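Q: Let me give you the structure first, and then I'll get to my questions.
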Amino acid sequence: MSLKQETVSTEAAGLRRQLIPTELGPCAVRVQQGTGGPGFAPDTADVYLHGAAGSWTTFRGLLSGAPARDRVLIDLPGWGESTEGARLEHFSLEAMARTVAEVLNSLGYPRWNLVGHSMGGFLALHIAAAWPERTASVAAISATTFGVSEAARSPLRYVARSPALVGLLLVMRAMAALGQAGAALVRGIGAAPVMGPLMSPFFADASAIPAAVIRGLGEDARPASFAAAARAAARYDFHRWRSIICPVLAIRGDKDVLTPPSELIRLTGLVPHVQTVTIPRCGHFAHIERPGQVQRLLNDLQSP
């Protein structure tokens, strides 16, 4: 590719921003250098994959303290700072997984621990199946998997089971159909006071979430990218996950309207070595509502 890897800036929390070319377009990546220590392999990174309505910034609550391993936070093509030049017409779970592997190969990491939220959890599980020998562990936080696939195929048939998921899907599809006007409308709503009530179903206690976090989620919404991700999920063959060999931690909040308990039950019947955890008084964004508890779970999963 003609676009060269570009180191752009050094940011707070020791994050180094880079722009890396991939098959789906330029990918903005942030790397936080680890301190190392006994038992920690320097060639293994902790990799964070955001959801279909987010960016790397949703993981800010997990970045406090110096990490033992390098942390890699990716704005997937079509989201965050990776929207310009994104090739959504080529979007698939396979292409997105290759993009993540391209990024990690470019950065020199042959192995990885994956932390994925929502769509990012779906993607993390696919990567673990595609590269089982390179994946050390997967933490799937409120992964939207079987349900989003079924809702994307037949939204009207699925609406009684998950009205929040189907409603979100249909709104994003409608906004995507409007093109730039739809994207602008979503951004405008995201910056307005009404965004708080609109997001309240996705948190156990929305009043406890800082307004800046709610605005950030609105700014990160990308209707066309969301719709492309849903189309990819509709066609997915979940039997691939039987080839996963690493330990998998599946987390959900007890108030999560997008990832019901049935998602975790189906996952345990398909994927070997799964541990499930339901966090009380928590919605779809456990890493925002309960970052300390999520970090402790990650430490246990990823310990050498």
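The values are calculated or read from the model by the stated rules, or taken from the named source; none is laboratory data. The structure presented is a predicted model; accordingly, all values stated were derived computationally and were not measured. Backbone-built Cβ (ideal geometry, glycine too); neighbour counts: all protein chains shown. Protein only, heavy atoms only, side chains kept; ligands, DNA and RNA dropped before computing areas. Shrake-Rupley method; radii C 1.70, N 1.55, O 1.52, S 1.80 Å.
Q: Only one of these is among the charged types (D, E, K, R), in contact (Cβ under 8 Å) with a residue 24 or more places away in the chain and in contact with a Ser or Thr (Cβ under 9 Å, 6 or more places away or on another chain): 252, 173. Name it.
A: When all the criteria are applied, what remains is 252.
Q: Determine whether the range 190-201 contains at least one residue that is touching a helix residue (DSSP H, G or I) at 6+ places or on another chain (Cβ under 8 Å), modelled with pLDDT of 90 or more, among the polar types (S, T, N, Q) and surrounded by 18 or more Cβ atoms within 10 Å (Cβ to Cβ).
A: no
Q: Still on this structure, I have one more. Filter the range 265-283 for residues that are within 22 Å of residue 127 (Cα to Cα) and in contact (Cβ under 8 Å) with a residue 40 or more places away in the chain; which is surrounded by the fewest Cβ atoms within 10 Å (Cβ to Cβ)?
A: 266
Q: What do you reckon, is residue 257 open to solvent by 50 Å² or more (accessible area, probe 1.4 Å) and of a type in the set (A, V, I, L, M, F, W, C)? Working first, answer last.
A: Values: open to solvent by 50 Å² or more (accessible area, probe 1.4 Å): yes; of a type in the set (A, V, I, L, M, F, W, C): yes.
Yes; evaluated as a whole, the condition is true for this residue.
Q: Does the range 118-129 include one or more residues that are more than 17 Å from residue 202 (Cβ to Cβ) and polar (S, T, N, Q)?
A: Scanning the range 118-129 turns up no residue that is more than 17 Å from residue 202 (Cβ to Cβ) and polar (S, T, N, Q).
Q: Also, I was wondering about something else. Of all residues being open to solvent by 20 Å² or more (accessible area, probe 1.4 Å) and among the hydroxyl-bearing types (Ser, Thr, Tyr) in the range 47-82, which is modelled with the lowest pLDDT? Just the residue, please.
A: Result: 64.
Q: Being touching a Phe, Trp or Tyr at 6+ places or on another chain (Cβ under 9 Å) and not in a strand (DSSP E or B) is the filter here; which residues of the range 64-75 pass it?
A: 68, 69, 70
Q: Only one of 176, 204, 183 is in contact with a Cys (Cβ under 7 Å, 6 or more places away or on another chain) and either open to solvent by less than 40 Å² (accessible area, probe 1.4 Å) or farther than 19 Å from residue 225 by Cβ (or both); which?
A: Selected residue: 204, the only one of 176, 204, 183 that is in contact with a Cys (Cβ under 7 Å, 6 or more places away or on another chain) and either open to solvent by less than 40 Å² (accessible area, probe 1.4 Å) or farther than 19 Å from residue 225 by Cβ (or both).
Q: If you don't mind, there's one more thing I want to ask. Working carefully through the options 87, 98, find the one that is open to solvent by 30 Å² or more (accessible area, probe 1.4 Å), in contact with a Gly (Cβ under 8 Å, 6 or more places away or on another chain) and either β-branched (Val, Ile, Thr) or under 22 Å from residue 235 (Cβ atoms) (or both).
A: Details: 98 fails: in contact with a Gly (Cβ under 8 Å, 6 or more places away or on another chain).
Only one candidate passes the filter, namely 87.
Q: Moving to a separate point now. Which of the residues that make up the range 280-292 are of a type outside the set (Phe, Trp, Tyr) and within 18 Å of the chain's Cα centre (by Cα)?
A: Residues satisfying the conditions are 282, 283, 284, 286, 287, 288, 289, 290, 291.
Q: Restricting attention to the range 223-245, which residues are outside any helix (DSSP H, G or I), out of contact with any Leu (no Cβ under 9 Å at 6 or more places or on another chain) and not acidic (Asp, Glu)?
A: Of everything in the range 223-245, just one residue is outside any helix (DSSP H, G or I), out of contact with any Leu (no Cβ under 9 Å at 6 or more places or on another chain) and not acidic (Asp, Glu), namely 245.
Q: Next question. Answer with yes or no whether residue 111 is among the charged types (D, E, K, R), modelled with pLDDT of 90 or more and in contact with a strand residue (DSSP E or B) (Cβ under 9 Å, 6 or more places away or on another chain).
A: Answer is yes for this residue.
Q: Next question. Identify, please: which residue in the range 31-55 is closer than 14 Å to residue 141 by Cβ and not in a loop (DSSP other than H, G, I, E, B) and is, among those, nearest to the chain's Cα centre (by Cα)?
A: That would be 49.
Q: Just need a number here: residues in the range 207-219 that are open to solvent by 20 Å² or more (accessible area, probe 1.4 Å), of a type outside the set (Gly, Ala, Ser) and part of a helix (DSSP H, G or I).
A: 3
Q: Can you confirm whether residue 157 is at pLDDT 95 or above and among the basic types (Lys, Arg)?
A: no
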